[in-house]
1. So for the stretch 547-557 (the condition being outside any helix (DSSP H, G or I) and under 30 Å from residue 440 (Cβ atoms)), does at least one residue qualify?
2. Which residue is nearest to ligand 3 (Cβ to nearest atom), if the candidates are limited to the stretch 672-713 and must be under 39 Å from the mean Cα position of the chain (by Cα) and among the charged types (D, E, K, R)?
3. More than 15 Å from ligand 3 (Cβ to nearest atom) and under 23 Å from residue 564 (Cβ atoms): is that true of residue 737 in this structure?
4. Which residue pairs have Cβ atoms closer than 7 Å, lie 6 or more positions apart in sequence or on different chains, and pair a first residue in the stretch 687-708 that is free of Cβ contacts under 8 Å to residues at least 60 places away in the same chain with a second residue that is within 16 Å of ligand 2 (Cβ to nearest atom)?
5. Looking at (1) within 16 Å of ligand 3 (Cβ to nearest atom); (2) outside the structural domain of residue 791 (by TED's automatic domain parsing), find the lone condition where residue 917 falls short.
6. Assess whether residue 209 counts as being out of contact with any His (no Cβ under 7 Å at 6 or more places or on another chain) and within 26 Å of residue 258 (Cβ to Cβ).
7. Please identify the pairs in which a residue from the stretch 896-912 that is free of Cβ contacts under 8 Å to residues at least 40 places away in the same chain has its Cβ atom under 7 Å from the Cβ atom of a residue that is in a helix (DSSP H, G or I), counting only partners at least 6 apart or on another chain.
8. In the set 776, 783, which member is within 15 Å of ligand 2 (Cβ to nearest atom), surrounded by 19 or more Cβ atoms within 10 Å (Cβ to Cβ) and not aromatic (Phe, Trp, Tyr)?
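The values are calculated or read from the model by the stated rules, or taken from the named source; none is laboratory data. Computed from a predicted structure; not experimentally measured. No Cβ is skipped: glycine too gets one built from the backbone with ideal geometry, and neighbour counts run over all protein chains shown.
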Amino acid sequence: MRSLAVASPLLLAAAARRRHGASASASGREVISQCWNCEINQDQPFGNSIRIGRSPGSLQRHGSKNLLAAAAAISVEQAEVSTYLPKGDMWSVHKFGGTCMGTPQRIQNVADIVLGDSSERKLIIVSAMSKVTDMMFNLVHKAQSRDNSYTTALDEVFDKHMAAAKDLLDGEDLARFLAQLHSDISNLRAMLCAIFIAGHATESFSDFVVGHGELWSAQMLSYAIKKSGVPCSWMDTREVLVVKPSGSNQVDPDYLESEKRLQKWFSRQPAATIIATGFIASTAENIPTTLKRDGSDFSASIIGSLVRARQVTIWTDVDGVFSADPRKVSEAVILSTLSYQEAWEMSYFGANVLHPRTIIPVMKDNIPIVIRNMFNLSAPGTTICKQPANENADLDACVKSFATIDKLALVNVEGTGMAGVPGTASAIFSAAKDVGANVIMISQASSEHSVCFAVPEKEVAAVSTALHVRFREALAAGRLSKVEVIRGCSILAAVGLRMASTPGVSAILFDALAKANINVRAIAQGCSEYNITVVLKQEDCVRALRAAHSRFFLSKTTLAVGIIGPGLIGGTLLDQLKDQAAVLKENMNIDLRVIGITGSSMMHLSDIGVDLNQWKELLQKEAKPADLASFVCHLSENHVFPNKVLVDCTADTNVASYYYDWLKKGIHVITPNKKANSGPLDRYLKLRTLQRASYTHYFYEATVGAGLPIISTLRGLLETGDKILRIEGIFSGTLSYIFNNFEGTRTFSNVVAEAKEAGYTEPDPRDDLSGTDVARKVIILARESGLRLELSDIPVKSLVPEALRSCSSADKFMQKLPSFDQNWDRQRNEAEAAGEVLRYVGVVDVANRKGRVELQRYKRDHPFAQLSGSDNIIAFTTSRYKEQPLIVRGPGAGAEVTAGGVFCDILRLASYLGAPS
Ligand SMILES: NC(=O)c1ccc[n+]([C@@H]2O[C@H](COP(=O)([O-])OP(=O)(O)OC[C@H]3O[C@@H](n4cnc5c(N)ncnc54)[C@H](O)[C@@H]3O)[C@@H](O)[C@H]2O)c1
Ligand SMILES: N[C@@H](CCO)C(=O)O
Ligand code: NA
């Protein structure tokens, strides 16, 4: 005789009752023995099993339902309720999913979390260990396909749990668990054998097999908790949760009946910590069933509602609910709160939040659900609750999240014959329903000339055919002009409860899409206003998502920065940005992201921001050949960041020639490079005109006096109506240093080498010695003051010996310079004999519309003779500062001060863009 063993949790319950002193129903046992000729094994530590001594043929004859109904008979006849289930704030409910229960160590961590919760009463819902539910489904699948490898697959299930238990438990607890596991596995083996023979598993048989994963994980966790001395019971939720099937793959909880059963269960086992199985339940007839997809979350929510818990915490492996899919939007942020409706909307759109039905049970009692990361306990998680009343009503905060759905098609039904004709919409959608298509969004303009709706792309052919059939006559008669299908569409949805009744939200959304050059095919917004749905081309979807997300979620003063020329100044700037970025973000809400660095040979690009701690290595190891055009494209086509700036730290005329194009593209420009402002006048004027006419900014403070506030001082004077008469001074840090230090102790060429070494000179020091660099500064200030001068209009006294002007490189020049030292000694001695010093000065003679650059001798007590180091001194003589000029003095060259000046311009830009002051 073959022996088949079946364990029903309801029978387990009966045994549990016996352990607690209640008597099992004789009638229940009778039904079972009639059907199965079995004996109830009462020795099992948890629940029991029934040894069945009849051929498997009777399984089909009587059907699984009879068996399970028999068990029901036992369970329905219960002992009197003696202890009432307390309800309310003392309860906290936790749910741990399969990943959280994935290994013995994780189960122990779960136990620690549970033990760490100081709530008076705790109910913990657990899923099966990760992958176990799939393994169990696979067993059923194999058995019913008559694949006898189900037996080895069952061994794997056994091994997995045995290994986990051995790791986690010891002594008597381990022995009891293993005995139960053995017994369950042998029952399952028998049941699978029956399924194998029948070649078929009923849904309830399948649910019964599959639910074992939860039974084992719940028992293991309860032992693990007990091990630390805390009393703890485990609950087979099939004894408690009663659900009714409702349509395809859905069930509705029967709250009244479930509450009654929970009361009863609790009266028998009034523990303060209860570990309950997720996912599984039973029908009103006590047939095992499951809560279907994401069932454990649903279990937690239903049970949370039954005990009116203070909170339901869903533990998972992410820090909370993101504002958008983080795989698509690296900038996505964790939301601290979400209303029930928002969570609902988002989960509809495939955001991995919670299944919408999970929210319903807790929503009616306003019980918050908190999503927490079990692997990052420091993350506070996302709380899903009733909309907090005093939440900040900032326009940008109205949108909580963005979601997308791909692989859709739009169907557009168009024609003049629809307007004012009742029933057209009904006919359209009943045609869609008839072919089982799921309509995802609908849009109809009030002119009623067209109705458009989105369906999954795979369903559109059937919908289109159905519509052509349904409207054959209308199409033939011309009342409808077309039934059109547009494939390759996606939906972008913006979700937020506060969008309702807040003007301007959709304007911001559509503005962001427009700026990213994205065409919107259809729009829908219901009058609940929780959701704005936009249909667009699928290939635009991620770009649209990023553009919209960044517009609502990034700080308004997030700046994407492209650095051109990471040499002395550019490199120092990158280091300064690295050191200061966190402070700026924290204190001023300015988020600076360097998304590209290009030198003359290599460039490194990043979509979200280069790690500035290793920019040098990245530029060597993760770089591609430099290409300015694609560098600029990388910046301009980035739709994550709303504001972009190119910082030109080269001395290159060619790079400077592109500023106009960049400004035209809406990219701001900042530079210490003097070439654009001192280049051809017409180009300069064109650039400034464009800049004035647009809201794109161009800053170049470091072109004169490095970090000293020269340009800004001049602008301040001009803009407030002062009249500039004359600007004169020492504009060259290099030449200042040279003449401040050329005092007879070192040779002239030595001092030049020192200036180069100190980083004061231009890449080629001849640009300084020739006076060209000073002439450029004079031109920049002259033009700023309104003079229309060309560089060639400035007479310049060059200090570069005639013979060295054509030297092929800066290095060769430096090598040959010592041969001219004697000449310099002579000039210096002559000046000294007259009590004077040499100084190289620039003059902008605004009154006479002229400029000049010259080597002059000054008396030792003249302010220009008092300088040290690389000091610049600039004197503004104006209508207001006539008697005494306004003087700005300080180091006017060098890496730190120059990069600091460029950095200042970046922050100036941020404040123009709305950063706090
Ligand atoms: N050194 C100072 O004290 C000072 C002060 C004010 C202004 N500036 C200006 O700052 C700028 C940079 O000076 P620096 O001392 O850092 O020079 P640098 O030679 O050290 O750096 C310039 C960098 O630009 C790169 N480069 C050149 N052409 C390029 C191109 N077409 N594309 C990409 N990269 C390119 C070079 O490879 C180099 O890395 C110059 O315009 C200079 O006039 C310097
Ligand atoms: N080479 C320049 C740098 C500052 O523009 C100087 O020496 O002044
Ligand atoms: Na300056």
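1. Going residue by residue through the stretch 547-557, those that are outside any helix (DSSP H, G or I) are 554-557.
Right, trim to under 30 Å from residue 440 (Cβ atoms) and you get 554.
Yes, the stretch 547-557 contains a residue that is outside any helix (DSSP H, G or I) and under 30 Å from residue 440 (Cβ atoms).
2. 701
3. Against the criterion (more than 15 Å from ligand 3 (Cβ to nearest atom) and under 23 Å from residue 564 (Cβ atoms)), residue 737 does not qualify.
4. Between residues of the stretch 687-708 that are free of Cβ contacts under 8 Å to residues at least 60 places away in the same chain and residues that are within 16 Å of ligand 2 (Cβ to nearest atom), the close pairs are 687/676.
5. That leaves (1) as the condition not met.
6. Numbers: out of contact with any His (no Cβ under 7 Å at 6 or more places or on another chain): yes; within 26 Å of residue 258 (Cβ to Cβ): yes.
It is true that residue 209 is out of contact with any His (no Cβ under 7 Å at 6 or more places or on another chain) and within 26 Å of residue 258 (Cβ to Cβ).
7. Going by the 7 Å Cβ cut-off, there are no qualifying pairs.
8. On the way: 783 fails: within 15 Å of ligand 2 (Cβ to nearest atom).
One residue alone meets the criteria, 776.
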